[in-house]
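Written out below as structure tokens is the structure these notes cover.
The values are calculated or read from the model by the stated rules, or taken from the named source; none is laboratory data. The structure displayed is predicted, hence computed values, not measured ones. Here the Cβ positions follow ideal geometry from the backbone for every residue, glycine too, while neighbour counts run over all protein chains shown.
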Amino acid sequence: MANVSKSQAVSAGLCPRCRQGKIFKYSLYNIRRFDEMYEHCPNCGLRYEIEPGYFWGAMFVSYALSGGVALVAGFLIFYALNDPDGWTYVLIICPLLVLITPVNFRLSRVLWLHYVSGISYDPEKRTEF
């Protein structure tokens, strides 16, 4: 099996150490359970929550992602609708941010694990199928 790059592992939501095991238990489309994570990697056994409250830091990533989406949406609304009233921005951007919540939640945690945790890729932890 070919090695998975870090960007591929992030986009697929894979373990930062073995880049094979999934981080989340259910599909993104399972709206009631999109936030449920494995406690340990199903492939290499890495404990994802390194310490209690570890993912609080991912909230900062989530905040930045939401801010970026709101900023881009604001610019698009401004130019596409010729600077409408303030309520137009609110009525478009707020539901948009609610709709992207599952993606934002997952992406912020995966980015936090891959880029802040200090966990290095270990090809020895990969299993061949």
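Observations on the model:
- Exactly one residue among Leu97, Leu91, Leu71 is closer than 25 Å to Leu14 by Cα, assigned to a helix (DSSP H, G or I) and of a type outside the set (S, T, N, Q), and that residue is Leu97.
- Selection status of Phe55, within 18 Å of Gly21 (Cβ to Cβ), at pLDDT below 95 and in a helix (DSSP H, G or I): yes
- Residue match in the range 1-9 (condition: part of a loop (DSSP other than H, G, I, E, B), without any contact (Cβ under 8 Å) to a residue 24 or more places away in the chain and in contact with a Lys or Arg (Cβ under 7 Å, 6 or more places away or on another chain)): yes
- Restricting attention to the range 1-38 and to residues that are under 15 Å from Ser117 (Cβ atoms) and charged (D, E, K, R), the residue that is farthest from the chain's Cα centre (by Cα) turns out to be Arg17.
- Inter-residue pairs, beta-carbon under 8 Å, first over 14 Å from Leu91 (Cβ atoms) and in the range 67-81, second part of a helix (DSSP H, G or I) and of a type in the set (S, T, N, Q), 6+ apart: Val69/Asn104
- Total residues in the range 10-50 satisfying the condition of being surrounded by fewer than 18 Cβ atoms within 10 Å (Cβ to Cβ), of a type in the set (A, V, I, L, M) and part of a loop (DSSP other than H, G, I, E, B): the figure is 3.
- Single match in Ala73, Ala64 (criterion: more than 17 Å from the chain's Cα centre (by Cα), of a type in the set (Gly, Ala, Ser) and surrounded by 11 or more Cβ atoms within 10 Å (Cβ to Cβ)): Ala73
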